[in-house]
Amino acid sequence: MQVAEVILPLPLDKLFHYAIPADMVGSVCPGVRILVQFGARKEYAAIVTRVLEAPDETELKYLISVLDEHPVVLEHQLLQWSWMASYYMAPVGDVMNAALPPGLKLSSQSIVVLDPEVVPDESSMSDALFRLYDALRNHPKLTLDEVREFCQVKQPMPLVQKALEEGWALLEEELKKVARAKRRKLVRLSPESLANLDGAFEASKRSTAQTEALLALVAHCGSENNFQDKRGFQKKQNITSAALLALIKKGIIEEVEEIDGTTAASAPMTEITLSAPQLEALTSIQKGFEAKKPVVLHGVTASGKTELYITLIKEAFTKHKRVLYLLPEIALTTQLISRLRIHFTVAVSHSKFSPAERLAAWREALTNDGPLLVLGARSAVFMPLPDLGLIIVDEEHESSFKQYEPSPRYNARDTAVWMSNSRDCPVVLGSATPSLESMFNARQGRYELAQLHKRFHTAPLPELEVVDMLGAKQRREVQGNFSIELVDAMRHTLSKGESVILFQNRRGFSTFQQCQTCGHIEGCTRCDISLTFHKGPQKLKCHYCGYTVPPVMKCSSCGGESVLHKGFGTEQIAEEAAALFPNASVKRMDLDTTRGKHAFGDLIRAVENGEVDILVGTQMVTKGLDFDRVGLVGIMSADNLLSYPDFRANERAFQLIEQVAGRTGRRTSKGKVVIQAMKPRHSIIQLALNHDFSGMQAKELTIRQEYQYPPFVRLITITLKHRDQKLLQRAAGEFARSLRSKIGDRFLGPEFAPIARLKNLYQMQIIVKVDKGNIGAKVRERIKKSHQEVLLTPDFNRVKVVFDVDPNA
Ligand code: ADP
Ligand code: ZN
């Protein structure tokens, strides 16, 4: 009897087996989905990992049906899932759930809905599909059982799958998640037909519809041959889709897609000749490739790292290889996508894309056998990548490469390094401020180092200035949260017609409300954290759980009537900036202002177009934005950055200051950065003032070595959570005892987490320090053993346990 070994899309740390009915034997192979029953009556699409032979008398459930003709997951992906599950101590079902695009995650609990933004082509639908479409128009939500009934099919899943692939249906759970980019199609005459209009008319003369369409377009685009909105043009001129499509196919009309306001065509194509330093860096990179070592590309902002990536991608493409390009979500801008689309076929894996588009990107990566650039944020490591020839990790130091919630808690950069090794393909880790870990690896000779010390254009690195805010306040040289120095610099920059970025890493108006009588700070009722005041909506909000109350007039503890707002966030800075510069246009960029569907793109476009004079924002303003006209960056409070309870706080503060500084003076003129700080002599601020990256690294390395933190050891954080504080403490105590008997004293804790209570759950932490070398696997085994022996017992099995391998903080 043949048996399929499968992964179920459930948080279960094992594989399951189903018997294959004789008539399906040939169609089951690794990587296809099969429908199986699990639990009393639930059905899931499981991924086959292997087909095995078992004795005929083995008692197993039979699989119900085979969902795919061809594998939707490749062998190398299955291998990677299994490595990730074991390294990151996550159930393999969690890894599968993280990996698969929504369109491949059907189960019997799935609820199907219509995508409100897609108008399907009814005429091309099969009868069964049309019945499904019709049913969905009358009943907005359908369970699979209902689909079975309405469409009169035995197996609803393949039908629904088809609808998902066509893109007009999606799963209900996805509907809420999609934050779409604003996209539309544009058309104009292709440059070739513009140069040879007679030829173009000749080629379309046999169809009146096409000739008319062409005439209309010539009239519309004008002498500058401007792009026209395709749908609008078609409607206004009453032109059929067929005529337009025929002209596009003949190459007479050029069609491009605009995403969030930018198109590939709007970026000029420039031929690049690498400069001498760039060529030198390229040689180092290739040396690393030959030695099969990961390469760290340390290049200051605007030194040409992206141009080097483009060179490397071209090279990989000459060998028909796939390329994976990873970067933080927030740096995944249309600017960069456009820049790359000029050169390459790009499949973008983007959380802003609809489920159908993400499914299409997956299929493209699976089946396209030419050169393909797969571009995406951390989850792009899950894309199918046959024939992988190069991996680029840009901004490799970014903490957002690490996923925390939900499991698997993986780091995409480290996964990329693992992939490079397992797939035998080169990897480049690029950054203006590479992580201590990567630089350490380079210094130890495990990684190769390539460097670019200068910006490509003559623009010098920006000038940094620090302002002592304590002194300024004592001398009363402040206006609200602004020092005189910052206000002067702003005035100067604005007068030159350049714009200003103000960075503050807290959103909201003030960060807490405190009673002047008893000192009580208004806190969240569910978390041990203060509430942030948002002035616009007049609310106190918990940024961890979303708990919201109206601001208090009286202290909720003693009833005192003098309650002050303390600390400041972006909302307050924006308000003050607008008051200081009433003629300037001030915009705010943080989670609160970019929640809307197109808000982020609209804001970026406004800044690019020079419609924003002062942009106030959180971390969001520091990453990846490539604005030409930023002359000044103000860091409103550097102390905030240095006060996180995080062994990487200093390194991150330095990186952040460098990063925001990189936003200024990118092209020609010299930019300026004003750093406001209560402790201006803090060593990290002093090092940042001198752009002293290696000084910072040397200093931090000494500290990390002394206190035994990465890169000298690996960390595994184990967090235990429960409502009942006493029970949690007992559980943590016993767990620690068990752990001690297995791994000795190589851990800290248990202690309460920095936020001791979150969403009503108390949290205790144990931090395991694993020596470098190959003992990691053994330690993970022992931790799991203790977990089983102590926490899966009736006393404690309600305690929630979270393993975080190589945690961010
Ligand atoms: P980074 O990725 O390091 O921030 P970029 O690759 O974006 O730097 O380069 C900064 C700017 O300089 C870009 O506009 C880029 O096109 C330009 N540039 C870099 N190298 C060259 C080159 N060799 N020739 C012409 N322009 C270049
Ligand atoms: Zn809360």
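Hey, what's the Kirkwood Rh for the range 129-220 if you take every pair of different alpha carbons, in angstrom? Before the final figure, lay out each step's value.
Working: mean 1/r = 0.0581 Å⁻¹.
By the Kirkwood definition, the hydrodynamic radius is 17.2 Å.
Considering only Cα-Cα distances, which of the following residue pairs are longer than 23 Å: LYS14/LYS61; LYS541/LYS679; LYS292/LYS314; LYS292/LYS319; LYS292/LYS454? Don't skip to the end; give the middle numbers.
Values: LYS14/LYS61 17 Å; LYS541/LYS679 29 Å; LYS292/LYS314 19 Å; LYS292/LYS319 17 Å; LYS292/LYS454 27 Å.
Going by Cα-Cα distance, LYS541/LYS679; LYS292/LYS454 fall outside the 23 Å limit.
What is the sum of charges, Lys and Arg at +1 and Asp and Glu at -1, for the other residues whose Cβ falls under 15 Å from the Cβ of ASP424?
Computed value for this residue: +3.
Setting aside same-chain residues fewer than 8 positions from LYS566, which aspartates and glutamates have a Cα under 12 Å from its Cα?
Answer for LYS566, where 12 Å is the Cα cut-off: GLU522, listed by chain and number.
Would you mind listing how long the range 276-338 runs along its three principal axes, going by Cα atoms, in whole Å with the largest first?
Projected onto its principal axes, the Cα set of the range 276-338 covers 33, 29, 20 Å.
What does the charge count near ALA450 come to, summing +1 for each Lys or Arg and -1 for each Asp or Glu among other residues with Cβ under 12 Å from its Cβ?
Numbers: positive: LYS287, LYS293, LYS305; negative: GLU280, GLU448.
Value of the local net charge: +1.
If you rank ILE7, ILE285 by fewest surrounding Cβ atoms within 10 Å, what's the result?
Exposure proxy ranking, most exposed first: ILE285, ILE7.
Give the value in nm², to one decimal: projected area of the alpha carbon convex hull of the range 655-705, averaged over all directions.
So the Cα hull casts an average projection of 4.0 nm².
Sorted from largest down, give the three principal axis spans of the alpha carbons of the range 469-519, whole angstrom values.
Sorted largest first, the three principal extents are 49, 28, 12 Å.
Among the aspartates and glutamates, which fall within straight-line cross-link reach of LYS402, defined as a Cα-Cα distance under 20 Å, with same-chain neighbours fewer than 8 residues apart omitted?
ASP94, GLU329, ASP394, ASP414, GLU437, ASP646, GLU651, ASP804, ASP806
If each residue's Cβ is checked for other Cβ atoms within 10 Å, how do LEU656, LEU74, LEU327 rank with the fewest at the top?
On the way: LEU656 20, LEU74 17, LEU327 26.
Ordered by Cβ neighbours within 10 Å, fewest first: LEU74, LEU656, LEU327.
Any idea what log10 I(q)/I(0) is at q = 0.12, 0.21, 0.22 Å⁻¹ for the range 333-427, Debye with uniform C-alpha scatterers and no solvent?
-0.39, -1.25, -1.36
With the contact rule set at Cα under 8 Å and sequence spacing of 6 or more, what percent relative contact order holds for the range 18-110?
Working: 122 pairs, mean separation 29.8, N = 93.
Across the range 18-110, relative contact order equals 32 percent.
Just the number: Rg to Rh for the range 40-174, Cα atoms, Kirkwood Rh, two decimals.
Computed over Cα atoms, the ratio is 1.02.
Normalise the Cα radius of gyration of the range 655-791 by 2.2 N^0.38 Å (N = residues in it) and let me know the number. Please list the in-between numbers first.
Details: Rg = 21.0 Å, N = 137, 2.2 N^0.38 = 14.3 Å.
Against the empirical 2.2 N^0.38 Å value, I get 1.47 for the range 655-791.
Please list the equivalent ellipsoid semi-axes of the range 484-596, computed as the square roots of five times the alpha-carbon gyration tensor eigenvalues, in descending order and whole angstrom.
Output for the range 484-596: semi-axes of 31, 16, 10 Å.
Any idea how far apart THR367 and THR311 come out in nm if each label point goes 7 Å out from Cα toward Cβ?
Placing both labels 7 Å beyond Cα along the Cβ direction yields 3.7 nm.
Which of the lysines could a cross-linker span from LYS236 if the Cα-Cα distance has to be under 26 Å and same-chain partners fewer than 8 positions apart are dropped?
LYS182, LYS185, LYS205, LYS249, LYS250
How would you order 65-71, 362-368, 218-224, 501-507 from highest to lowest mean count of nearby Cβ atoms within 10 Å?
501-507, 362-368, 65-71, 218-224
Under Stokes-Einstein, with the Kirkwood radius over Cα pairs standing in for Rh, what whole-number D in µm²/s applies to the chain at 25 °C and 0.890 mPa s?
Here the translational diffusion coefficient equals 83 µm²/s.
With a sphere of radius 14 Å drawn around the Cβ of LYS402, what net charge do the other residues whose Cβ falls strictly inside it have (Lys, Arg +1; Asp, Glu -1)?
Numbers: positive: ARG378, ARG409, ARG413, ARG648, ARG652, ARG714; negative: GLU329, GLU395, GLU396, GLU398, GLU405, ASP414, GLU437, ASP646, ASP804, ASP806.
With Lys, Arg at +1 and Asp, Glu at -1, the net is -4.
Where does each of MET96, MET678, MET490 land when they are ranked from fewest to most other beta-carbon atoms within 10 angstrom?
MET678, MET490, MET96
Taking only the Cα atoms of the range 712-783, how large is their convex hull per residue, in Å³?
82
We did not get these values from a lab; they are worked out from the coordinates using the rules stated. If you're wondering where the values come from, they're calculated on a predicted model, not measured in any experiment. Because the Cβ atoms are built from the backbone with ideal geometry, glycine has one as well, and the counts that use them run over all protein chains shown.
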